[in-house]
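Structure first, commentary second.
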């Protein structure tokens, strides 16, 4: 089963952080408090969009052909994603400032 | 093509079709709608208008349609540029707005047989007769009534209802064309579209009065 990393707290909807990491081979465990990378904070759909974007060398025209969507639809999706990334970055910055 | 996509094609095909493709299809449909309108006496003068029982040449129908579409594009494109933070392409705005006028073909075809034109002609005749009874006046080019059976009235009213629906459908398509091309959402998209369409409507009616009517007068 392909498990999804939970990124939002089910209780307060805040951004979750990683408490411990473990090596599956020797079971060495590292404990601490690690922030999730920005990309993992995005939804699965947004992550797939970014993968498609990279695979198409950043060409929105190629992406629209490949995904069978119109050019403005793809461009709108990218613009919304950029706005969302800016928002997440601001939130991460604010959280760091609070610590 | 899946079910969701099939359904969306009727009210928002612009998620899948825009740019030059939409422009070519839209212009092609505009040419056909003007032809159908000429044959069935249904005219599309203005951003959102439909007039029944209008006898005009194909040239007048086509020029009016193209001019009305161009005015809508000329109003909505700069409005979208001013409001949206996205990079908007003129070809997307022009193409999607051209394709959004596709319901005009359905409206044009719905006039086949001239039933809706006959019904409107008879209504206008009765209205002018009643007006003349109340206020004596000398109206130029008076209408004459056309005989219609009960079933013809029934069909004509349904066809007029269908023509009204095509205007609603076209408005919905134009809104989605504008929203998708400009990447605008919510209140900003709705309010700017309404304001833009009101301006486009006023401008198109003015342009038609200044361009098409003199053209008609020069031709007659």
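Coordinate-derived values only; no laboratory data. Keep in mind that what you see is a predicted model, and the values were worked out from it rather than measured. Please note: Cβ atoms are built from the backbone with ideal geometry, for glycine as well, and neighbour counts cover all protein chains shown.
The mean sequence distance of close C-alpha pairs (under 8 Å, at least 6 residues apart), as a share of the length of chain B, puts its relative contact order at 31 percent. Projection of the Cα convex hull of chain B, averaged over all directions and equal to a quarter of that hull's surface, yields 14.8 nm².
What does the convex hull of the Cα atoms of the range B:53-125 come to per residue, in Å³, rounded to a whole number?
About 111 Å³ per residue, rounded to a whole number.
When a footprinting reagent is the concern and you count Cβ atoms within 10 Å, what order do B:92, A:80, B:6 take, fewest first?
B:6, A:80, B:92
Return, ordered by residue number, the residues of the range B:169-212 whose backbone nitrogen is under 18 Å from a label point located 7 Å along Cα→Cβ of residue B:25. The answer is B:169-182, whose backbone nitrogens lie closer than 18 Å to the label point. Per residue, chain B reaches -25000 deg cm²/dmol at 222 nm when only DSSP H runs of four or more residues are counted, each adding -39500 (n - 2.57). Between residue B:112 and residue A:79, the modelled labels are 4.1 nm apart [label points 7 Å from Cα along Cα→Cβ]. Expressed as an acute angle from 0 to 90° and rounded to the nearest 10, what is the orientation of the C-alpha long axis of helix B:19-40 relative to the principal long axis of chain B? On a 0 to 90 degree scale, this one is about 0.
Helix A:44-55 and the longest principal axis of the C-alpha atoms of chain A enclose an angle of approximately 60°. Model label points for residue A:87 and residue A:29, set 7 angstrom from Cα along the Cα-to-Cβ axis, are 3.6 nm apart. Of the residues A:27, B:126, the one with the fewest other Cβ atoms within 10 Å heads the list, and the complete ranking is A:27, B:126. With the convex hull drawn over the C-alpha atoms of the protein assembly as shown, the volume per residue is 223 Å³. With a simple spin-label model that places each label point 7 Å from the Cα along the Cα-to-Cβ direction, the separation between residue A:50 and residue A:7 comes to 0.7 nm.
Expressed in nm to one decimal, what extension gain is obtained for the pair residue B:85 and residue B:191 from 0.36 nm per residue of sequence separation less their Cα-Cα distance?
Separation in residues times 0.36 nm, less the Cα-Cα distance, equals 36.5 nm.
Name the residue, out of A:18, A:30, A:54, whose mean-square fluctuation peaks in a Gaussian network model built on chain A with Cα pairs under 10 Å. Judging by the Gaussian network model, the answer is A:30. Compute the relative contact order of chain A as a whole-number percentage, counting only Cα pairs closer than 8 Å that sit 6 or more residues apart in sequence. Taking the mean separation of contacting Cα pairs over the length of chain A, I get 15 percent. Please work out the C-alpha center-to-center distance from the range A:1-65 to the range B:47-61 and express it in whole Å. Between the Cα centres of the range A:1-65 and the range B:47-61 lies a distance of 58 Å.
Taking the three principal axes of the alpha carbon atoms in chain A, the coordinate ranges are 46, 37, 24 Å, sorted in descending order. Within the listed set B:148, B:174, B:197, the Gaussian network model of chain B (springs between alpha-carbon atoms below 10 Å) gives the highest mean-square fluctuation for B:148.
Take every Cα pair under 8 Å whose residues are at least 6 apart in sequence, average their separation, divide by the length of the range B:65-193, and the relative contact order is 42 percent.
Ordered by the count of other Cβ atoms within 10 Å of each Cβ, fewest first, B:171, A:40 give A:40, B:171. GNM on chain B, alpha-carbon springs under 10 angstrom: the most fluctuating residue among B:145, B:103, B:13 is B:145.
So how tilted is helix A:71-98 from the main axis of chain A? Cα-based, degrees 0 to 90, rounded to 10. The answer is roughly 20 degrees.
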